[in-house]
1. Please give the contour-minus-distance gain from residue 86 to residue 38: 0.36 nm per residue of separation, less the Cα-Cα distance, rounded to one decimal in nm.
2. For region 14-96, what does the alpha-carbon gyration tensor say about shape, rounded, prolate or oblate, given a ≥ b ≥ c as the root eigenvalues, a/c under 1.5 as rounded, and a/b over b/c as prolate?
3. Determine, for 72, 82, the number of other Cβ atoms within 10 Å of each Cβ, and report the residues in order from fewest to most.
4. Suppose only helical runs count, i.e. DSSP H with n ≥ 4. What mean residue ellipticity at 222 nm does that imply for the chain under -39500 (n - 2.57) per run, divided by all residues and rounded to the nearest 500 deg cm²/dmol?
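Only the coordinates and a few stated rules stand behind these numbers; no lab work does. All of these numbers come straight from a predicted model, not from anything done at the bench. Don't worry about glycine lacking a Cβ; one is built from the backbone with ideal geometry, like all the others, and counts go over all protein chains shown.
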Ligand SMILES: [Cu+2]
């Protein structure tokens, strides 16, 4: 809660982006956001998934059951690949500008 208050103070107009996880894929697989934006992953599959960074910027939604969602607020500019830790062939990319 404190984090959200602080973020809203520093970044006046953050956007919210949604990535759907369905059919063992991230949709969209490539997403460009701005620093301060929130990315929300929603699992539409019946099996659990995660969205976990594979680069030096560390973030992880943790396991998402069917219908669950997890969020990350992009704080560091750059491109980072991410995977599902349960299904390492599931890969996608986040571009933060
Ligand atoms: Cu998965």
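1. Answer, rounded to one decimal: 15.0 nm.
2. prolate
3. Working: 72 21, 82 25.
If I rank by nearby Cβ atoms, fewest first, I get 72, 82.
4. After summing the helix terms and dividing by residue count, I get -2500 deg cm²/dmol.
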